[in-house]
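To start, the structure under review is shown below, and the notes come after it.
Please treat every number below as a calculation from the coordinates, not as lab data. For clarity, every value in this text was computed on a predicted model and none was experimentally measured. Glycine gets a Cβ as well: all are built from the backbone with ideal geometry, and neighbour counts include every protein chain shown.
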């Protein structure tokens, strides 16, 4: 299956936020079982190990951990991964730098449509890991986040979209920005052979 496009990259910061959210969701006792079921050592999620990873290796681990969760929980994995993504947004806002906090304050003062766009831009920035691989586009009144790096799908093959963590992150961010549930759908996924993972934000949601 084709995986053409930019090499998957992710920041160690986002990977650590994902790992912390996963510990919180799955539990300290159960996560080693999840890792063992996928042939992974508990050492891979230790902070020192993550700090040694470059963007490409971090993306590979990010994808493998999500694959392990999908395999371990089966049909229940979607809900688990969505909750992990929503929890990441809470960690992102709590751990925001001074400049990031200033941006968050600006967003909350904008009209709702502008809040939605700036928030999706903020999520895109967290995914692009210093590259230009993640962009946001306007589709009439809807928004489209295009993630060409697609770290969550690195090395994965699937008949259906698998980027539930990104979906949950977008839902939580948009709810924070607008106070209303967001209507977000992954309409293309690199795990399915698409050139990018694409997330459509319907304007009526939020």
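Using a Förster radius of 25 Å, what is the FRET efficiency between residue 73 and residue 187 based on their Cβ-Cβ separation? Nearest 0.05, please. My answer for the efficiency is 0.55.
Extension gain for residue 138 to residue 30 (0.36 nm times residue separation, less C-alpha to C-alpha distance): 34.7 nm.
Here, P(r) means the percent of Cα pairs in each 10 Å bin from 0 to the largest distance; for the chain it is 9, 37, 38, 15, 2.
The slack in the chain from residue 99 to residue 46, taken as 0.36 nm per residue of separation less the alpha-carbon distance, amounts to 16.3 nm. Stretching residue 7 away from residue 110 to a fully extended chain increases their span by 33.6 nm, per 0.36 nm per residue minus the current alpha-carbon distance.
The ellipsoid equivalent to the alpha-carbon distribution of region 21-97 has semi-axes of 19, 17, 12 angstrom, derived from the gyration tensor eigenvalues as √(5λ) and listed largest first.
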